[in-house]
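The block underneath contains the structure these notes are about, expressed in structure tokens.
Readers should treat all values here as calculations from the given coordinates under stated rules, not as data from a laboratory. The structure displayed is predicted, hence computed values, not measured ones. Methodologically, a virtual Cβ is constructed for each residue, glycine included, from the backbone with ideal geometry; neighbour enumeration extends over all protein chains shown.
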Amino acid sequence: MSKFLHLPSPEEMPEEDPLSGIANLFDVSVVFIVGLMITLFSVYRMGDLVDAQSEVTMVKTNAQGEREIIVKKGTKITAYKVSGKTATGDGERLGTAYRLANGQIIYVPEGPDEAPR
């Protein structure tokens, strides 16, 4: 019976697997990534991006200065590329947009009693 069962003597140090700590590091990194994602969504108030009932419009500018308008309505996402061309056609003026010194853009709609300038 002693041929098949080898018990280490108390003087022998048990051998440890050197890769056993890698699994723990992987688990810790997954928890860190999930926590970082939750923090970023709450800091930048981006919860509407994952909500199926919300409507979100974003303007994205790349390094070359090209702009893209991204519109999310419910679960449908549409992207429009902005060109420098001026559009023509029949339409109605709805209001005026102002860019403040800090870069913020404010849209002021025209009321029914206001005449266009």
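Annotation: the residues Glu16, Glu110, sorted from fewest to most other C-beta atoms within 10 Å of their own C-beta, follow the order Glu16, Glu110. Each label point was placed 7 Å from the Cα along the Cα-to-Cβ direction; for Phe41 and Glu12 their separation is 5.1 nm. On full extension, the segment bounded by Ile22 and Tyr80 gains 16.4 nm, given 0.36 nm per residue less the C-alpha separation.
How much net charge surrounds Val71 when only other residues with a Cβ under 13 Å from its Cβ are counted (Lys, Arg +1; Asp, Glu -1)? Numbers along the way, then the final one.
Values: positive: Lys60, Lys72, Lys73, Lys76, Lys81; negative: Asp48, Glu55, Glu68.
Local charge sum for Val71: +2.
For the chain, a simple Cβ point-charge model (Lys and Arg +1, Asp and Glu -1, everything else neutral) yields a dipole of about 840 debye relative to the Cα centre. Spatially close Lys pairs in the chain, defined by Cα atoms under 28 Å apart and a spacing of eight or more places or different chains, total 10.
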